[in-house]
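Read through the structure below, which is laid out as structure tokens, and then see the notes.
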């Protein structure tokens, strides 16, 4: 009598594991997907950090846009303006134009949250368009880097600016936390 419930439990357990075994067998029979082309990878990375900074720009309360953790630091708005403005040190040379005259966009020029959001969106859209304009083969072409006065590959230069924006994203996460807020990326997904 004890064996019947045990057999039933064993059969029940086996029925739950069969779909997993079948999925594993399907994975082995499915060819491995090739790596994405470099152009897609770099554009996706550019757009992903842009999406994060745009979400912060849209989300952070306008009355806290001039918040600074310490007087020596940039305000929240100035951080966004710096990251977005720096993108043009990438975009302009890639498009054959001179880099901007000033390193940082001035807060006086972007007085409202809407102004800042528009500038951040435009800088990432322009950067993505510049990358795409080069095409897959153009990623290895070189441009003159305005800071180091040397030639750099477009791909390497793009990755440097993606990293730069990622660093500012990290700083802005701290601004959120110090202001008692949760950054959009850290919120539970719906």
Notebook entry, point to check: When residue 68 is evaluated against the numbered criteria (1) in a loop (DSSP other than H, G, I, E, B); (2) at pLDDT 95 or above; (3) crowded, with 16+ Cβ neighbours inside 10 Å, which criterion, by number, is the only one it fails?
Noted result: (3)
Next item on the list: Check residue 180 against each of (1) loosely packed, with under 13 Cβ neighbours inside 10 Å; (2) touching a residue at least 12 places away in the same chain (Cβ under 8 Å) and name the one condition it does not meet.
Entry: (2)
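Can you tell which of 136, 145 is in contact with a helix residue (DSSP H, G or I) (Cβ under 7 Å, 6 or more places away or on another chain) and either surrounded by fewer than 16 Cβ atoms within 10 Å (Cβ to Cβ) or touching a residue at least 60 places away in the same chain (Cβ under 8 Å) (or both)?
Numbers: 145 fails: either surrounded by fewer than 16 Cβ atoms within 10 Å (Cβ to Cβ) or touching a residue at least 60 places away in the same chain (Cβ under 8 Å) (or both).
On inspection, the qualifying residue turns out to be 136.
How many of the residues in region 148-159 are in contact (Cβ under 8 Å) with a residue 40 or more places away in the chain and in contact with a strand residue (DSSP E or B) (Cβ under 9 Å, 6 or more places away or on another chain)?
Here is the first cut: in region 148-159, the ones in contact (Cβ under 8 Å) with a residue 40 or more places away in the chain are 154-155, 157-159.
After this cut, where a residue has to be in contact with a strand residue (DSSP E or B) (Cβ under 9 Å, 6 or more places away or on another chain) as well, the list is 154, 157.
Qualifying residue count, region 148-159: 2.
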Next item on the list: Select from region 27-46 the residues that are free of Cβ contacts under 8 Å to residues at least 40 places away in the same chain and in a helix (DSSP H, G or I) and write down the one among them that is nearest to residue 169 (Cα to Cα).
Entry: 44
Check: Any residue at all in region 72-95 that is crowded, with 17+ Cβ neighbours inside 10 Å, outside any helix (DSSP H, G or I) and either under 13 Å from the mean Cα position of the chain (by Cα) or at pLDDT 95 or above (or both)?
Finding: yes
Note to self: As an exercise: evaluate residue 102 against (1) in a loop (DSSP other than H, G, I, E, B); (2) modelled with pLDDT of 95 or more; (3) under 29 Å from residue 62 (Cα atoms) and give the number of the one condition it does not meet.
What the structure shows: (2)
Next item on the list: Hey, can you tell me all the residues within region 106-133 that are touching a helix residue (DSSP H, G or I) at 6+ places or on another chain (Cβ under 8 Å), over 17 Å from residue 88 (Cα atoms) and not in a helix (DSSP H, G or I)?
Entry: 112
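The values are calculated or read from the model by the stated rules, or taken from the named source; none is laboratory data. These figures come from a predicted structure and were not determined experimentally. Because the Cβ atoms are built from the backbone with ideal geometry, glycine has one as well, and the counts that use them run over all protein chains shown.
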